[in-house]
Each structure stands twice: as C-alpha cells, then as structure tokens.
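The values are calculated or read from the model by the stated rules, or taken from the named source; none is laboratory data. Because the structure is a prediction, the values reported are computed rather than measured. Neighbour counts are summed over all protein chains in view; Cβ atoms, including those assigned to glycine, are modelled from backbone coordinates with ideal geometry. Side chains are part of the model used for accessible areas, which takes the heavy atoms of the whole protein and leaves out ligands, DNA and RNA. Shrake-Rupley method; radii C 1.70, N 1.55, O 1.52, S 1.80 Å.
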Amino acid sequence: MKRYSLFSLVRNGINHHSNWDRVWRNPNPRPEYDVVIIGGGGHGLATAYYLAKEHKITKIAVLEKGYIGGGNTGRNTEIVRSNYLWDEAAQLYEFSLKLWQNLSSELNFNLMYSKKGVLNLGHSLQDMRDISRRVNANRLNGIDSELLSTEEVKGLVPIINTSPDTRYPILGASLQKRGGTARHDGVAWGFGRAADAFGVDIIQGCEVVGIRQEDGSAVGVDTTKGYIKAKKIGVAVAGHSTVLANMAGFRLPIETHPLQAWVTDPIKPVLDVVVMSNSVHAYVSQTDRGELLAGAGIDAYVGYGQRGSFSVLEHAASSIIELFPIFSRIRVVRQWGGIVDTTPDACPIIGKTPLKGLFLNCGWGTGGYKATPGSGWVFAYTIANDTPHNLNEPFSLERFITGKLIDEHGAAGVAH
Amino acid sequence: MLMIDCPWCGNRDESEFMYGGEGNIVRPQDPESISDDSWSDYLFMRKNTKGLYMEQWLHSYGCRRWFLAERETVSYEILNTHKIGEINPESKS
C-alpha cells in the first residue's frame, strides 16, 4: 500500500492524477482460507483488518455479494455517538467511539470524522426524564453527555423552532460533544484498503449460497465463484443474517426491516450539529457539501427490498419541517433505503453460534454504523480466540434463552 | 404505499394498518412444562423469510380486527389475505 500524504498528492497532481494505485487488489478466491468473512460492509472489513493487525491472521477472504460498502454502510446517515443507557452497550459503543478518534491516521484514509456534536431532543416531561436519566448513566460510565435547556438548544441551533406552540415543543436535549458524523463510504474504503495491504483478499461479486458442515463444524462456503474452504467463518451480513443462519441450520431472533434516508439540495451552512429526536422519529445533519442528510424510522413490516415507503418518509419529513420551518421548501434530491436486522432488545448479537467454527455479528438494527470499528475489533477477537471478549460477551445469542436482555430501545430507537 | 385487502373492509391504505409480525405462531399449550430453549424459540425466534411470508396485520384505523396476509418480502406484493383461523398454521409458509 502506498501511503497517502501531501507528497503523494503533489506528485500525482503533477502527473494529472493518472498514476494513482488501485486502492485494493481484485483477486480471485483461493481454494482455502484461515478465516472467511461473509459480508463486505464496514463491519466485515473492519473484522478482517483487526484480525490481520491484532491477531496476525492474514489468510483471510472477505466475500461480498455486491460491492464493498454498497449495503447499509453506504446507506446510513453517518452518525457516530456512544450515549447508550446500559453499561454493556455504553461500554461497547464507547470503545468504538474511542477507536474512531485516531482511525483516519491509523488507516491513512480521511474518514472526515467530524465531532460536531449530537443533540437528542426531548418533547415531553417523560422525554426529559428519560434523557436526564441517560445523561446521568452516561456520565457514570465516563461518557461525555450534557443536559441542555430549551434556550441552550436554541443557542446551539439558531434555526430550530423552540416556540412552545408547536405539536412537539422542545423542552430540552442531551448533547454528546464527541458525537458527530464520519464519511461512510470512506469507512468501507479505508478498512478495505488497510486490510488489503495486510494481504486480505476482498472478493466482490461473490455471493455465499451454502455453508458446508462436517461433524458439526462449519468447514467452508459454497459461493457463486465456487467452493471455498475455511477453518473459521464470520458472518456480518446485517439484513440477510437470517438467510445465512438458515444455511447453517439455526434460528435467529431477528426481523429484517427497511430503513430509509434522504438528502436535499445543498444550501449554505445552517446546521453544525446532528439533531435527533426519538419522539418524532427523525434525525438530520448538514453534510460538508451543504446537503441536509436526514432519516426516518423503520418501515413497520419485514422487508428485504432496499427501499422505504413514502408514508414513513412523509412522517419524518413533516417532523423535521416542524423543527426547522426554514427547510420547508428545500427539495429532496435522493431517497434510499437499507435493510436492517432488528433484535427484540435493540442490541447486537456478536459471538459464537450453535455451529462450531461459525461466528455471528448481526442484529445492529438501526444503529450499527457508529459501532463499525468496535464491532470489527471485538468480532476479530472472538474469531481469533474462539471466545468472546469481555466487551461482547453480554451480546451472545444465548441471552435470548437466559433472558438476560439489554433493553436499549430508548437509546437505539432512532439514531443511525 | 401498500394497498392492503382487509378481509372485512376490502382494499385500504397501508397507513390504516398496524403490523403484527410473523403469523400463525402458536403459543405453547403448557408453558410451565417446556424448556427455556422452546420458550425462547416461541418468544423470540422468527422465520423472517426472504420471499413469501405469512404475517399478521391489524386494521387499527378501520374494523380493528386482526387478519393474516401472505406477502412477498422483497417485492412487498400481497398475494392473499385471510381471516384468522381460515388456514391451518401448519400448512403454509
């Protein structure tokens, strides 16, 4: 991997940018690997990267049925934060947020991580009680979190409508200053490029169609590019987790739902924090290009089509317009959807499965993007050591049998 | 926007309905006597089928009755709707 630097920029600029190296190789699959990761999104690529970097396992293939980062990694609203309520989730997301801090320089790829701050608005007395509880819980866990009054919200976001006469008046908010956004395509490309530099084979256009087993262990995968033997298999396929679990012969507590987002025409900078509201199911930020990037809640029904329904879009857009009346005549230029794997307790499943040699990382639901580096790190640890790390041990599949759920609906409900 | 054919009210807008998840899940007859595994299976595990899926809907802003729908989960096309109990839980997707 040739490092990106000011010198490489100047050198390639002189050559009219005609000599840049390919960012990653495009190899054909080898017949056998130590680890096969199914799913070339942020989580899968981060897993391959940390397997190579932290655990010195480099005979790895990442199999992606489309192109890398073409699924949920490239379809979210880029929000990064860690203000989760319960200890287990807070520690996992905070670990991830810490990894974000130096990720651009570590990967030598500009992820445009911007600590613009994340506001969670409260619109009722109960909202404010929940928010202050969460702020206190965060602070006890060493996570920066502040409680803001209506006036402080207005000071931070002058264009927001704080009139008490609205359908959802703003009574206050929580603010996580280290929260913000990071460029989602860059995350897939950065992890992909860095993993490739360690010798990881990123194989795009390669769909897994079956998982072979011998004596109760997973031994390889059948793909559209032929059979690939694997000592260990990691699954990080988000919305298609149940499809893969069916191949492996076990059931999952997962429902796949469409989740949508959209961007508007670009306008002058008016919004320099991420504004989220769980009650009205909407979240919005302004990108560096000036577009407003906004998202909605999930479609209620199970769906594998990567698109959202208009009623949900309308609901979220009308809420955002009420919060920001000046946005009412901006046009939406693109709308898209991803399919998210929701669990009953809104927390992920990261760990071993009933099938030996097969590891699962799924159930991130509507909020997996922010956890990309941390998720990859703990999943790599789990695969390499054949046992979960302390951070992801509570997030086992067994918790749905033992009943030790981690109810994060309040913190995970909307934010992506 | 889906148009959903309520077995009682006919074709209505998606926004009149609430989604009830996978249909035809039978509650264990004797919860006290079954294992934690079976209870977990009943409570949490879902088919979440990519393809034809049997699910339950509630016409909450209409007749307020539950019914079953067979829906394709990629195209979202609804093939059939049934009153509860019209079809055998064991026989369909």
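Hey, could you check segment A:383-403 for residues that are within 14 Å of another protein chain (Cβ to nearest Cβ) and assigned to a helix (DSSP H, G or I) and say which is farthest from A:Thr342 (Cα to Cα)?
Filtering segment A:383-403 for residues that are within 14 Å of another protein chain (Cβ to nearest Cβ) and assigned to a helix (DSSP H, G or I), the one farthest from A:Thr342 (Cα to Cα) comes out as A:Thr402.
Condition first: more than 30 Å from A:Gln260 (Cβ to Cβ) and either part of a loop (DSSP other than H, G, I, E, B) or without any contact (Cβ under 8 Å) to a residue 60 or more places away in the chain (or both). Can you find one or more residues in segment A:87-96 that meet it?
Yes - at least one qualifying residue is present in segment A:87-96.
Against the condition of a type in the set (Gly, Ala, Ser), away from chain B (no Cβ under 14 Å), open to solvent by 10 Å² or more (accessible area, probe 1.4 Å) and over 24 Å from the mean Cα position of the chain (by Cα), how does A:Ser311 come out, does it pass?
No, not satisfied.
Based on what the data block shows, is A:Glu322 away from chain B (no Cβ under 14 Å), farther than 26 Å from A:Val378 by Cβ and either crowded, with 21+ Cβ neighbours inside 10 Å or more than 17 Å from the chain's Cα centre (by Cα) (or both)?
Answer is yes for this residue.
Could you list, in sequence order, the residues of segment A:148-173 that are in a strand (DSSP E or B) and buried (at least 23 other Cβ atoms within 10 Å of the Cβ)?
A:Ala173
Those residues that are free of Cβ contacts under 8 Å to residues at least 40 places away in the same chain and assigned to a loop (DSSP other than H, G, I, E, B), I need them from segment A:242-265; list them, please.
Passing the criteria: only A:Arg251.
Considering only segment A:215-225, I want to know if a residue exists there that is modelled with pLDDT under 95 and under 30 Å from A:Leu397 (Cβ atoms). I'd like the intermediate steps shown before the answer.
The first filter runs over segment A:215-225 and keeps only residues modelled with pLDDT under 95, leaving A:215-216.
Adding the requirement that they be under 30 Å from A:Leu397 (Cβ atoms) leaves A:215-216.
Within segment A:215-225 (the criterion being modelled with pLDDT under 95 and under 30 Å from A:Leu397 (Cβ atoms)), the answer is yes, since at least one residue qualifies.
Looking at segment A:225-249 only, could you name the residues that are closer than 26 Å to A:Trp377 by Cβ and polar (S, T, N, Q)?
Listed by number, the residues that qualify are A:Ser241, A:Thr242.
Would you check if there is a residue in segment A:326-341 being within 11 Å of another protein chain (Cβ to nearest Cβ) and exposed (fewer than 15 other Cβ atoms within 10 Å of the Cβ)? Step through it out loud before you land on a result.
Quick first cut of segment A:326-341, residues within 11 Å of another protein chain (Cβ to nearest Cβ) only: A:339, A:341.
From the residues that got through so far, the ones that are exposed (fewer than 15 other Cβ atoms within 10 Å of the Cβ) too are none.
No: zero hits.
Being more than 10 Å from chain A (Cβ to nearest Cβ), surrounded by 13 or more Cβ atoms within 10 Å (Cβ to Cβ) and not hydrophobic (A, V, I, L, M, F, W, C) is the requirement here; does B:Asn48 meet it?
No.
Any idea which residue in segment A:82-97 is most open to solvent (accessible area, probe 1.4 Å), counting only those that are out of contact with any strand residue (DSSP E or B) (no Cβ under 9 Å at 6 or more places or on another chain) and under 13 Å from A:Thr372 (Cβ atoms)?
A:Phe95
Could you tell me how many of the residues in segment A:237-269 are among the acidic types (Asp, Glu) and open to solvent by less than 30 Å² (accessible area, probe 1.4 Å)?
So the answer is 0.
Looking at segment A:196-226, which of its residues are closer than 13 Å to A:Leu63 by Cβ and touching a Phe, Trp or Tyr at 6+ places or on another chain (Cβ under 7 Å)?
Filtering segment A:196-226 down to residues closer than 13 Å to A:Leu63 by Cβ leaves A:200-211, A:220-226.
Passing the criteria: A:Ile202, A:Gln204, A:Gly220.
Does segment A:36-56 hold any residues that are over 19 Å from A:Ala188 (Cα atoms) and either in contact with a Ser or Thr (Cβ under 8 Å, 6 or more places away or on another chain) or not in a helix (DSSP H, G or I) (or both), and which are they?
A:Lys56
Answer yes or no: is there a residue in segment A:359-368 that is at negative phi, part of a strand (DSSP E or B) and among the hydroxyl-bearing types (Ser, Thr, Tyr).
No, segment A:359-368 has no match at all.
For the condition buried (at least 21 other Cβ atoms within 10 Å of the Cβ), at pLDDT below 95 and within 14 Å of another protein chain (Cβ to nearest Cβ), what is the one hit in A:Ala300, A:Ala282, A:Ala346?
One residue alone meets the criteria, A:Ala346.
So, in segment A:8-27, exactly how many residues are touching a residue at least 24 places away in the same chain (Cβ under 8 Å) and of a type outside the set (A, V, I, L, M, F, W, C)?
Total meeting the criteria: 3.
Filter segment B:23-41 for residues that are within 11 Å of another protein chain (Cβ to nearest Cβ) and surrounded by fewer than 17 Cβ atoms within 10 Å (Cβ to Cβ) and give the result.
Once the filter is applied, which keeps residues that are within 11 Å of another protein chain (Cβ to nearest Cβ) and surrounded by fewer than 17 Cβ atoms within 10 Å (Cβ to Cβ), segment B:23-41 yields B:Ser35, B:Asp36, B:Asp37, B:Ser38, B:Trp39.
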